[in-house]
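Structure first, commentary second.
Values in this text are rule-based calculations from the coordinates and carry no lab data. In this text the structure is predicted, and so the values were computed from the model without any measurement. Please note: Cβ atoms are built from the backbone with ideal geometry, for glycine as well, and neighbour counts cover all protein chains shown.
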Amino acid sequence: MSSFIKKNWFVSLLVVVFAAVSVYYIYDTNKGKLKGKTSNGQDVVYSIGDKDVTAEEFYDELYEGSGTSVLYQSFVKAVTEQSAETTDKMKEDAKAQASSVISNYASSYPSNYKEMLDSQLKALGYKGYDDLENYLINYYKELKITADYADAHFDDLKIRNISYLLVKFENGDSGEGTPTENEQKRMDAVDAAFAEGKTFAEVAQEFSEDTSTASSGGILGTVDANTTTLDSSFLNAALALKEGEVSDWVYSSSFGYFRIMNNASTSETLLKVFREQNSIPEETEITTSDVYSSLLSSYDTTLADRALWEKGQELGVTFADAEQEGKLKTTLGIEE
C-alpha cells in the first residue's frame, strides 16, 4: 500500500492551486448560469443582485474564513499526487475501501448519502462523489510517503514495537513509588513466571491486570519518540530498551507497575513482528505502510504532516508569500 516519481516540472505556486480549488465549489454550481461573465476583466464566480463577485474577490473572502484549511488540503493533494506511483495494489485497495465507505454512508444517510459524500470530497479539493477512489488512492500514497519518511528517520524517531504487562495499584498511588505488600506479592508472581522460562506473551496473558491487552499477550503496538498519548515514564523506559529486552519494573504514578518488552527496533524486525502479531500469512504482501498506519492513527498523529512537508521540499514547492508558508507550516507543526 513503489517507487517515487520525481516530477521536475512540479514547482508550484500554491496560491494558484489554492485559488483554483477554492473557486471550484461555487463555480461548479453556477457554471451554466454565469458563463463568460466578467467584471473589470476578471471572471465572475457568482452574482448577488447587482453585485458581481470575481474569482479574486471570492478567493480573498474564502481565504479569510477558511484559507489555511483549504491551503492544507491543496498541499496534501498536490504532494501525494506528484510524489508516489499509483500501484495496482493501491487501486485494488481503493476500490474495495470505496465500496465499504459508500455502504456505510448509505446506511447512515439513506436519502442523501451521495450528496453527503459529494460535498465532503469537494471540500477536500476533489471532483465529488465519483472521485472517491482517487481520494483513497491519494490516502494510500500518503501512507507510502509517511512510511518512507519513517524508514529514513527510523533511529531519530526511535520507532519500537512494544508489549507490556501491568500490576495495578491496590488502592491508588501512595505517592512514594513503593509497592504495598499485596502489590509486591503480585509482582513477585510475575518475576517467578519469567524465571520459569515463560515467554513475555504467556506471562502477560496470565498476570497482566490491563484487560485491554492481556488477552493478546500484552501487545501495545508501534510507538515512537513523538508519541504523546502514553504515560511518560512508560514511554521513556520503552524507548530505552534494546530489541528483545525486557525492562525491570517501571513505576507509573498514573497506573501502577509495568514490565515492558521491546519486540522490534529495526524496520526489518518490525515487519516480521507485525506479521506475527496479526497472524498474516507469509504469502500475503505487507509493507511498512501497513505497520505505520496504527502509529499514525493512535500514537504519532504529526508524523504524516512532517513527511509531507519534507516531500514537498524535495519536489520544490514554493509559495506566493511568507505568510501563506508560515500558516501552512504552523498547521503542519513544522518548526524552523
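Label segment 102-180 by shape, choosing from rounded, prolate and oblate, from the square roots a ≥ b ≥ c of the eigenvalues of the Cα gyration tensor; if a/c is under 1.5 it is rounded, and otherwise prolate applies when a/b is larger than b/c, oblate when it is not. Taking the square roots of the gyration eigenvalues as a ≥ b ≥ c, segment 102-180 is oblate. Is the C-alpha gyration tensor of segment 160-264 telling us rounded, prolate or oblate? Criteria: a/c under 1.5 is rounded; beyond that, a/b larger than b/c is prolate, otherwise oblate. Taking the square roots of the gyration eigenvalues as a ≥ b ≥ c, segment 160-264 is oblate. In a simple Cβ point-charge model (Lys, Arg +1; Asp, Glu -1; nothing else charged), segment 160-264 has a dipole of about 260 debye relative to its Cα centre.
When 260, 334, 137 are arranged by Cβ crowding within 10 Å, least crowded first, meaning fewest neighbours, the order is 334, 137, 260. Placing +1 on each Lys and Arg Cβ and -1 on each Asp and Glu Cβ, with no other charges, gives segment 133-205 a dipole about its Cα centre of roughly 220 debye.
Sparse packing (at most 14 other Cβ atoms within 10 Å of the Cβ) combined with a DSSP loop state is found for the following GluC sites (Glu not before Pro) in segment 82-121: 85.
In plain terms, the chain from residue 92 to residue 267 could stretch by 60.5 nm, reckoned as 0.36 nm per residue minus the Cα-Cα distance. Amide H contacts for residue 164 (H built 1.01 Å from N in the peptide plane; partners 5 or more residues away or on another chain; cut-off under 5 Å): 219, 220, 261. A simple count of charges around residue 121, restricted to other residues whose Cβ falls under 10 Å of its Cβ and scoring Lys, Arg +1 and Asp, Glu -1, yields -1. Ordered by the number of other Cβ atoms lying within 10 Å of each residue's own Cβ, fewest first, 288, 229 fall into the sequence 229, 288. On full extension, the segment bounded by residue 212 and residue 298 gains 29.5 nm, given 0.36 nm per residue less the C-alpha separation. Taking other C-beta atoms within 10 angstrom as a stand-in for reagent exposure, 274, 255 fall in the order 255, 274, fewest first. Positive-end ranking of 226, 251, 182 along the dipole of segment 160-264, with charges on Cβ about the Cα centre, is headed by 226.
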